[in-house]
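The values are calculated or read from the model by the stated rules, or taken from the named source; none is laboratory data. Just so it is clear, the model here is predicted, and its values are computed rather than measured. Ideal geometry is used to build each Cβ from the backbone, glycine not excepted, and the neighbour counts take in all protein chains shown. Side chains included, ligands, DNA and RNA excluded: accessible areas come from the protein's heavy atoms. Shrake-Rupley method; radii C 1.70, N 1.55, O 1.52, S 1.80 Å.
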Amino acid sequence: MAEELRWVLIIISVVVIGGLLIHGLWSVRKKDAPIATNERVEPTEQPPVQRQPISEPTATHTSQRDEPQFGDLSFSASDEQPKLDEVVEDTVTEQTKAQEDTNSEECKKTDEAPAAEDFIIVHIQMPEGLTMEGSKLLPAVNTLGFKYSEEGFFNRHLDPAGHGPVLFRLVNMYNPGTFDVDNMEQFSTAGISLFMTLPCDGDGLAAFNMLHSAAKKLADEFGAAILDSQREEMTVDSVRDYVEKVRRFSV
């Protein structure tokens, strides 16, 4: 009888302990479970995110001068120098058609003037650190029979009075290649250039002799050096080469 009572107590104890464990687990789950409601929760509308544009890095501009640009006509030889041949050749190219038109009008020709095929270019370069002052250059070129043109160059016509075809031109060796005749007192340059187109009107050899003579007089006037188209010192051989070139176009 005592043995049976003992087993009954053991079974009751196991049942009670199991019930307590089950009750405890149920209480924990009930506590952690979210509270269900019948209300619908609307999602909160978030303002759109404004994307800030990414600024591009600013490119750093490097200074040129393979071909420096001079903004005005007054500068000294200490300024950075452009490529002389490019300045003069650009000027030659731009003026070739203008010269053809002028020649056609003045000579009263109905046909177009033939296009230039080559050029004679002579540079007059001042020593380093020195310049030609405009106040002295203007009377010098006027004495040699040059006439100022609307394009900003000095032209030497067949007629020293400024009539007839243009034989050759005098331009500024440096950008922009022109002269401002109204402000020559404030103007200075480290070099000028003379050029003629081939073939030219009239006697090509006579025109070249006039060009060469004018170059020598201007060089003597300013103590400058005479250079050929390659910016080398003009020699007897280079003069002969120029003469031969003129003769080829005079045939």
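Run down 147, 136, 245 and say which single residue is under 35 Å from the mean Cα position of the chain (by Cα), part of a strand (DSSP E or B) and surrounded by fewer than 20 Cβ atoms within 10 Å (Cβ to Cβ). Spell out the reasoning first.
Numbers: 136 fails: part of a strand (DSSP E or B); 245 fails: part of a strand (DSSP E or B).
Just one listed residue meets the conditions, 147.
Only one of 158, 194 is surrounded by 15 or more Cβ atoms within 10 Å (Cβ to Cβ), part of a strand (DSSP E or B) and modelled with pLDDT under 95; which?
Residue meeting the stated conditions: 158.
Test residue 168 against the stated conditions and say whether it is modelled with pLDDT of 95 or more, in a loop (DSSP other than H, G, I, E, B) and open to solvent by less than 50 Å² (accessible area, probe 1.4 Å).
When the stated conditions are applied, residue 168 does not pass them.
Only residues in segment 203-222 that are basic (Lys, Arg) count as the first member; pair them with residues that are open to solvent by 10 Å² or more (accessible area, probe 1.4 Å), Cβ under 9 angstrom, at least 6 apart or cross-chain, and list the lot.
Close Cβ pairs satisfying both conditions: 216/226; 217/140; 217/143; 217/144.
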